[in-house]
1. Rounded, prolate or oblate, given the Cα gyration tensor of the stretch 188-245, with a/c below 1.5 counting as rounded?
2. Which peptide among 196-203, 176-183, 163-170 comes first, and what is the full order, when sorted by highest mean count of other Cβ atoms within 10 Å?
3. Can you pull the one-decimal nm distance between simple spin-label points at Asn218 and Glu181, each 7 Å off the Cα toward Cβ?
4. Once you order the gyration tensor axes a ≥ b ≥ c over the Cα atoms, which shape class does the stretch 359-412 get: rounded for a/c under 1.5, otherwise prolate or oblate by comparing a/b with b/c?
5. How far apart, in nm, are two points set 7 Å out from the Cα along the Cα-to-Cβ line at Lys197 and at Lys411?
Amino acid sequence: MTVIWFRLSCISLLNRGQRNISIFSNATPSNFNKVVSDAEKIVGYPTSFVSLRCLLSDELSNVAMHVRKLVGTKHPLLSTARGLIYDSRNNLRMRGLVVLLMSKAAGPSQHTASDHLPQDMVSGIYPRTVSHHLKDGPKVSISAPIPGSLHRLILPRNLAEVTELIHTAFLVHRGIINLKEWTNSDGPLKDMQFGNKMSVLSGDFLLANACTGLAQLNNTKVVELISSAIGDLVQGNYHEIHNSLEDNSLTDEINMVTWEEQTFLSHGALLAKSCQAAMELAKHDKDAQGLAYKYGKHLSLGHKLNSDLQLFVKSSCSADPVTFSFNSAPVVFHRQIVGQERWCHQLQQAKTIGRQMDYTKLRSTIKLEKGVTSTIDLCRYHGNKALESIQCFPSSEARSALENIARAVTKF
């Protein structure tokens, strides 16, 4: 608690009478889609989609055919599949892009620069099928057995694909619904059961492909990093589901320090450790790896805070059981400010005669306190920290793209 308020007080002091002290004071792109599109041009690789090699496989084509049976139902697997193609909410499904930008912004280390020729690079990044030139010898492809002397090959594109696949696998797995809460309006029970099976099998298929690609990187430190990120995702998702329930919000006391720790597990660990893994693949030192890790961590937390704020800062967003989360940052900040007893009283006041929650009324109650403004300040704090972490990288288009992405997550 003390740490959070210290951060917010620092932000307040920095902004008093010093308009240009904030890193966000400069004009920045406000359209998140444009920022991502411009960044993809820099790396020459449209990473907003999952690996096309995976999507076009016969196995996943068969899955897509079966998923069509869910059309007309309310199974969440449909909305997940739709979101992978068109995401109108600008969710952070460009982790692979950030990994590639990080690889390009940092550049090759002294250990790897001498191992590759300039023609091995595509848009400043060593491609997935890097070729290595031996002195007085043939060109060796990555698909061939790799001698010990060639273990330093840089594979950021493979790592980017692995990161996207893991993220997508967890999105698909989260499409499983509780059949005990099933109603006739959701669709036929047999279709909902079928949808759950497809969510499990499809997610497992994507995760298996990710693990195969991870093994092909031939780097035990990277395998360890990404494997630990998968464990963090599982743990974080468990906490997120538990804390998002109304009944648990009445009994469980949660503060923003705990919220940040749990949110990092479910929303930040994968990107942070993937950025660190990109530096490890390029054989950068621990300092560079730590900076890349910090960028991924703060960017993810900033984006999550931005996402949680949308319901409270945009009048076009309607408050309902789908959009309202008791585990969102403004709600947790509000509970922390007003105290558990007053929070329970406000929940009772927001209920209708039929004991149904009036989410619009509850949102208005929360907006009267400082929970929303505190969340905005914390979002800007994490955006600034993300920017600070990459200032030591050489000035380049890739670094500018990373800066634009960090600025974009603080726009509301």
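Just so it is clear, none of the values below were taken in a lab; they were calculated from the coordinates. Remember, it's a predicted structure, so these values are computed and weren't measured experimentally. Using ideal geometry, Cβ is built from the backbone for each residue, glycine included, and neighbour counts are taken over all protein chains shown.
1. Verdict is oblate for the stretch 188-245.
2. Numbers: 196-203: 18.2, 176-183: 11.1, 163-170: 24.4.
The packing order, highest mean first, is 163-170, 196-203, 176-183.
3. 4.8 nm
4. prolate
5. Here the answer is 4.6 nm between the modelled labels.
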